[in-house]
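A short write-up of the structure that comes next.
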Amino acid sequence: MSGLTLNVVIVGAGLGGLAAAIGIQRAGHKVGAGIQIPPNAARILSQWGLIPSLAKHSKIPIATNFRSWKDGQLRYRACLQLKERFGTDFFNIHRADVHGDLVEAAEALGVVFRLGATVEDIDFHTASVTLKGGEIVKGDVVIGADGQNSACKEILLGHKVSPLPTGDLAYRLTVRESDMRKHPSLHPLLESGTTDLWMGPDAFLVGYLLKEAGFYNIALICPDTLPEAVNIAKATPMEMQEVLADWDPQLQTLLGLVEKTQKWRMLTSEEMECWGHKGGKFVLMGDAAHAGLPYIAQGAAQAIEDAGVLSALFAKITHPSQLPRVLKLYEKLRKPRTSRIVQASFDQGVAYMLPDGLEQRERDRKLAVKGAKQLPIRSIDPAFQAWMLGHDCVAEAERAWEEGDG
Ligand SMILES: Cc1cc2nc3c(=O)[nH]c(=O)nc-3n(C[C@H](O)[C@H](O)[C@H](O)COP(=O)(O)OP(=O)(O)OC[C@H]3O[C@@H](n4cnc5c(N)ncnc54)[C@H](O)[C@@H]3O)c2cc1C
């Protein structure tokens, strides 16, 4: 802690905004669904004492099985017991549970929530936000953590920003573990302790068991068939079965248990030139700053890393005049890393969804080589994985501050 107490207004209480609220509050300042939490994010939550509550609600998968779409044949098994290599586990958890854990931790630190408040305007010079209804909330600094359809980003840029369609959509759903137990062919998915991923032409499906809820989490990515003006819609289990009609029969059994589902258009955003206002009292974080595709399971993790860096730098501030340097350094440290991960997530989707043919056979050939150094799936390529999961963003931020960077 620096001894100085700043009032920090965080717009958005998603996973990124909540993590920032915890980190910045811990630094001594005041702040008004299934998801995978990899070691690079868990490391930060661990520094804030949140691993016990995370572990209570999580499954720690032992591996990811990459399978062929046709018959479920194993193409590659990636070990996920990563504690020895990266210092923390890899957690599969229900979104509501991790959100609840973060809310509890933030409230225990005295973070004040304004639920149901929509930010409509920001005065970047006075660090104040105008809420729907006209109320003005003033701080010393404002952090825009309001997700992919960010109002903060539009106010900063001064024009409307529409996320770009990618040609894909995602069905997201859960199936009851008790229903799966009635089908012996599905038992291996419940008992193996793995995350399973079927790679196929223009689509992929990933599934893993959640802990306390007793549900198996499924995401199916496939070509976008939503009408132009609609980004989210109700969907039927039957349409998912049609998408995967010729796939591994195990999946038809699994999808036969689905009661209801929704589909979301997969959107992306153009990289921003910069995330902050030149006055040094406002910056974006999380999806508002660097939304990408979720295929590498790093969106929330990168938002938590943003929060880790902000908290490390806020802990160093001794005078409000240092705020512009803090926000500049934060962006300098975060932007290249998040851009690389956004690109890697896109590449990962391409590798998963190759149509049968030359490139797909080459992908599977490389996956079959024991101890191969360069793998076509970014998250399991040894060098990229070490860079992505082994990064200690808090230590990097502290070092950069001490060295006078920014
Ligand atoms: C299908 C799918 C699967 C995914 N799976 C994973 C995964 O396994 N692992 C992973 O790491 N990531 C995953 N992600 C990505 C991850 O969900 C996001 O990257 C992450 O939630 C971003 O967090 P955030 O806090 O920046 O934004 P959000 O979680 O979107 O939160 C934004 C918050 O701001 C609020 N808000 C919006 N506008 C305003 C306003 N004007 N005023 C006030 N508040 C406002 C919203 O209500 C919301 O609470 C997935 C995403 C999708 C779509």
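Some observations on this one:
- From largest to smallest, the equivalent ellipsoid semi-axes obtained for the range 216-293 from the alpha-carbon gyration tensor read 37, 13, 11 Å.
- Sorted by Cβ neighbour density within 10 Å, fewest at the top, the residues 35, 10: 35, 10
- Value of Rg/Rh across the range 77-152 [Cα atoms, Kirkwood radius]: 1.14
- When each of 83, 328 is scored by the number of other beta-carbon atoms lying within 10 Å, the sequence from fewest to most is 83, 328.
- Dividing the summed -39500 (n - 2.57) terms of all DSSP H runs of n ≥ 4 by the residue count of the chain sets its mean residue ellipticity at 222 nm at -11000 deg cm²/dmol.
- In order through the range 237-248: 3J(HN,Hα) via Karplus (6.51 cos²θ - 1.76 cosθ + 1.60), integer Hz, x for Gly, Pro: x, 4, 5, 5, 4, 5, 4, 9, 3, 9, 7, 2
- Binned Cα-Cα distance frequencies in the range 231-275 - 10 Å width, integer %: 23, 36, 21, 12, 8
- Counting only the Cα atoms, the range 197-354 fills a convex hull of 146 Å³ per residue.
- For the range 339-406, the alpha-carbon coordinates run over 52, 24, 12 Å along the three principal axes, in decreasing order.
- Using the Cβ-Cβ distance between residue 74 and residue 234 with R0 = 35 Å, the FRET efficiency computed as 1/(1 + (r/R0)^6) comes to roughly 0.55.
- Per the Cα gyration tensor, the chain maps to an equivalent ellipsoid with semi-axes of 37, 23, 20 Å, ordered largest to smallest.
- Restricting the range 304-406 to GluC sites (Glu not before Pro) that sit in a DSSP loop and have at most 13 other Cβ atoms within 10 Å of their own Cβ leaves 403.
- With R₀ set to 56 Å, the beta-carbon distance separating residue 190 from residue 321 gives a calculated FRET efficiency near 0.45.
- Per-pair calculated FRET efficiency, R0 = 45 Å: residue 403 and residue 182 via Cβ, rounded to 0.05: 0.15
- The GluC sites (Glu not before Pro) found in the range 194-261 that occupy coil by DSSP, while having at most 16 further C-beta atoms within 10 Å, are 212, 228, 259.
- For the range 7-154, convex hull of alpha carbons as volume per residue, Å³: 145 Å³
- Separation of the residue 85 and residue 366 label points, Cα + 7 Å toward Cβ, nm: 1.7 nm
- Amide proton proximity set for residue 8, modelled H, under 5 Å, gap of 5+: 30, 31, 32, 140
- Each residue of the range 65-77 was assigned a 3J(HN,Hα) from its phi angle through the Karplus curve 6.51 cos²θ - 1.76 cosθ + 1.60 (θ = phi - 60°); the sequence is 9, 8, 10, 7, 5, 6, 9, x, 4, 6, 9, 6, 10 Hz, with glycine and proline shown as x.
- Cβ-to-Cβ counts within 10 Å put 56, 153 in ascending order as 56, 153, the fewest first.
- Separation in nanometres of the label points that stand 7 Å from Cα toward Cβ, at residue 128 and residue 346: 4.1 nm
- Under 5 Å between amide hydrogens, built in the peptide plane, is the criterion, and for residue 266 it picks out 166, 168, 169, 170 among residues at least 5 positions away or on other chains.
- Vicinal HN-Hα couplings computed from phi for the range 119-135 (Karplus, 6.51 cos²θ - 1.76 cosθ + 1.60; Hz; Gly/Pro x): 7, 10, 8, 9, 9, 5, 7, 9, 6, 10, 10, 9, 8, 4, x, x, 5
Read the figures in this text as sums done on the coordinates, not as results from a lab. All values reported here derive from a predicted model rather than from experimental measurement. Ideal geometry is used to build each Cβ from the backbone, glycine not excepted, and the neighbour counts take in all protein chains shown.
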